[in-house]
Amino acid sequence: MIQSVFQPDDTPIVKLENITKRFRTSRGDLLACNDITVQVDKGISLGVVGESGSGKSTLIKTLQLLERPTKGNVWIGGQNVTLYSEKRLKPFRRRIQFVAQDPYSSLFPNMTIAQNISEPLYVHGISDKKERRDKAAELMELVGISLSYFHSFPHELSGGQQQRVAIARALALSPEVLVLDEAVSSLDVSIQAQILNLLQRLKKDLGLTYIFISHNLAVIRLMCEQLAVMYLGRVVEQGNSDEVFRNPLHPYTRSLIAAIPAFTNNGVTPLPSESLLGGNRPSATDLPKGCAYQTRCPFATEICFREEPKLEAMGNGSLVACHNAMSASDNA
């Protein structure tokens, strides 16, 4: 049985502290992440949602230190690893593994399924060849891949099977956290359900924690206890997933949730013919003064054009960056 190496205590598995990430572009500096603080506790999975360009992928790359932050700190297991060299980071990378959106492009096409799964063990110098083969077989059975594919190559498998292989490979180092970047969006709907069921079982059996990036809020609601909503590099709402879905306070969060089709006795509730997000989104290289959402917000007032809202605690336990969160909620 594969088990997580995590030893439980009260220390967050991962904490991002005041993370800011800037990129130099020909059009000026792009502020991909702006003073973001989030933490991931054992067994409490985090969903990160937002439009394309909101900074989700940059945040996750920074969490894995694939991108170094311009400012702020990355903590893993209570240690500040922000300035660690690649050599020093290697044991910490074992604790957080990644599952990509496109399983085929994430696998080595010239390696067999067993070789793909056992490659992390080889890279980290764990076990001998026979033990790595045995571990690959164990992982294949764990994720529901027939051992008849042991010597097959990725192109011989379906998309759903390829994603199971990618998950098995991510589990090879017995991580505490799996980072899943749109991990089911490229799959057929029926296959998505199978992969999500697999992930739920693995979370329970192995004590895993997930960080989910997804445009599909239904997936986030199913898989994650905590939710962070990003807009143009900032977290604008954060809290317990059930509470945020039940009572979203930021106008942007409400627009995202309103765009989820609802199933009723009369069929699927149609979405509005016009976008729920009115106005124009500002350029990430030329953000307006004040609230970045001001150009699309129907509740914007004078202070929204003058002061950038801070992420503050609300009565429902959520954190919201909106000057008019409560009044806007009353008028929703």
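Ranked by Cβ crowding within 10 angstrom, fewest neighbours first, how are LEU139, LEU311, LEU180 ordered?
LEU311, LEU139, LEU180
With everything on Cα atoms, drop me the angle between helix 159-171 and the longest principal axis of the chain, reported from 0 to 90° to the nearest 10.
It works out to around 80 degrees.
What's the angle, to the nearest 10 degrees (0 to 90), between helix 129-143's Cα axis and the longest principal axis of the chain?
Computed tilt is about 50 degrees.
What share of the DSSP beta bridges in the chain is antiparallel, in percent to the nearest 5?
Antiparallel bridges make up about 65 percent of those DSSP assigns within the chain.
Excluding LEU16 itself, what net charge comes from residues whose Cβ is under 14 Å from its Cβ, given Lys and Arg +1 and Asp and Glu -1?
Neighbourhood net charge equals +3.
Quick check: net charge around GLY55, other residues with Cβ under 12 Å of its Cβ, Lys/Arg +1 and Asp/Glu -1?
Residues near GLY55 contribute +2 overall.
How big is the convex hull of the Cα atoms of the range 191-259, per residue, in Å³?
Hull volume over Cα atoms, normalised by residue count, gives 95 Å³.
Between 0 and 90 degrees, rounded to the nearest ten: what's the tilt of helix 189-206 against the longest Cα principal axis of the chain?
That helix lies at roughly 70 degrees to the long axis.
If the viscosity is 1.002 mPa s and the temperature 20 °C, what Stokes-Einstein diffusion coefficient in µm²/s follows for the range 274-324 when Rh is the Kirkwood radius over Cα pairs?
Diffusion coefficient, whole number: 180 µm²/s.
Kirkwood Rh, Cα Rg: Rg to Rh for the range 48-195?
Radius of gyration relative to Kirkwood radius: 0.99.
What does the C-alpha gyration tensor say about the overall shape of the range 118-188? Classify as rounded when a/c is under 1.5, otherwise prolate if a/b is larger than b/c, or oblate.
oblate
Decide, for the range 20-87, between rounded, prolate and oblate: order the square roots of the alpha carbon gyration tensor eigenvalues as a ≥ b ≥ c, take rounded if a/c falls under 1.5, and otherwise choose prolate if a/b is larger than b/c, else oblate.
It comes out oblate by the Cα gyration axes.
For LYS42, list the lysines whose Cα falls under 19 Å from its own Cα; do not include residues on the same chain fewer than 8 positions away.
LYS15, LYS203, LYS204
Using the Karplus equation 6.51 cos²θ - 1.76 cosθ + 1.60 (θ = phi - 60°), what ³J(HN,Hα) coupling, rounded to whole Hz, does each residue of the range 46-53 give in order, writing x for Gly and Pro?
Karplus-based 3J(HN,Hα) across the range 46-53 equals 10, x, 10, 10, x, 5, 4, x Hz.
Extent of the range 131-254 along each principal axis, from alpha carbon coordinates, in Å, largest to smallest?
Between the extreme Cα coordinates on each principal axis of the range 131-254 lie 52, 27, 24 Å.
Order these peptides, 164-176, 22-34, 91-103, by their mean beta-carbon neighbour count within 10 angstrom, highest first.
My ranking of the peptides, most packed first, is 164-176, 91-103, 22-34.
What are the semi-axes of the equivalent ellipsoid of the chain, taken as the square roots of 5 times the eigenvalues of the Cα gyration tensor, listed largest first and rounded to whole Å?
Calculated on Cα positions only, the semi-axes equal 37, 23, 18 Å.
When you count, for each residue, the other Cβ atoms within 10 Å and take the mean per peptide, how do 316-326, 188-198 rank with the highest first?
The peptides rank, most packed first, as 316-326, 188-198.
Here, each number is a calculation from the coordinates, and none is a lab measurement. For clarity, every value in this text was computed on a predicted model and none was experimentally measured. Every residue, glycine as well, gets a Cβ built from its backbone with ideal geometry; the counts of neighbours run over all protein chains shown.
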